[in-house]
Structures are given as structure tokens and as C-alpha cells.
Amino acid sequence: MATYEELLIVGRAASAELEERADEESDLSQKKALRRTARDIRSGMTKLRRAQYVELTTPRPGEPSSAGARLRAAVKAAKADLRKLEKAANALKIAANWLDRATKLFRIVA
């Protein structure tokens, strides 16, 4: 999944760079070539997004094949992630309280 995202980011950057170069170019044939290359990159990115969609929607071996079972598995994973985030939020809250106390103590001492 991360590979798709990385490729899409690189593709967007390359396409934008080619478009900028085309805007700066004075030679018409060079400008057309740069824009054609940018268009080809965007076309490849569309194919990449379609492949990503197919990968995301195709069940893998060992995973539930029905949509309901996949949804239940996704909800279970989301709940686990939410629990991890809640624990992290609590740890941050405790750290903020300790920092606040230390700041108050420092003000009293100083």
C-alpha cells in the first residue's frame, strides 16, 4: 500500500515539474514534448490508482471473502487502532500535566 502512495507522490511531483518546465520553455516543440511526457505520467498514475483499487478490493488467501466479513475485520482493526490512540492520548495528557507541574514548581523556586 505504501508503495502505491509513494509512486503517486513521485508521479505528481514529476508531472508538476514537467508542467513548470513547459511553461518556462520558449521552443514550441520542446514545450509540446514536455507536456506530452507529463500527460503520459498522469496516465500511468491513473493506471496505478486502478491497480491499487483492485488490490484493495480483492480478497487475499486466508482473509474472509464476503464483504460483511471484510467489514467486520476492518471494524475490529479500527477499534484496536482506536484503543492504541486512546492510550497514546492518555500518556500525552499525563506528560502535559507533569510538565505543567514542573513549570509551576520552577516558577515557585525561581
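The values are calculated or read from the model by the stated rules, or taken from the named source; none is laboratory data. Keep in mind that this is a model prediction, so the values were computed, not measured. Note: ideal-geometry Cβ built from the backbone for every residue, glycine included; neighbour counts use all protein chains shown. Just the protein is used for accessible areas: all its heavy atoms, side chains included, with ligands, DNA and RNA removed. Shrake-Rupley method; radii C 1.70, N 1.55, O 1.52, S 1.80 Å.
Counting only residues that are more than 14 Å from SER43 (Cα to Cα) and not aliphatic (A, V, I, L, M), which one in segment 1-17 is modelled with the highest pLDDT?
GLU17
How about segment 1-55: which of its residues are more than 27 Å from the chain's Cα centre (by Cα) and outside any helix (DSSP H, G or I)?
Hits for segment 1-55 are GLU25, SER26, ASP27.
Would you please name the residue that is farthest from TYR4 (Cα to Cα), looking only at residues in segment 54-69 that are at pLDDT below 75 and surrounded by 11 or more Cβ atoms within 10 Å (Cβ to Cβ)?
Restricting to residues being at pLDDT below 75 and surrounded by 11 or more Cβ atoms within 10 Å (Cβ to Cβ), the top hit is PRO64.
Which numbered condition trips up ASP23, out of (1) at pLDDT below 85; (2) touching a helix residue (DSSP H, G or I) at 6+ places or on another chain (Cβ under 9 Å); (3) charged (D, E, K, R)?
The one condition ASP23 does not meet is (1).
If the requirement is being farther than 30 Å from ARG12 by Cα, open to solvent by 100 Å² or more (accessible area, probe 1.4 Å) and free of Cβ contacts under 8 Å to residues at least 12 places away in the same chain, which of these qualifies: LYS79, LYS47?
LYS79
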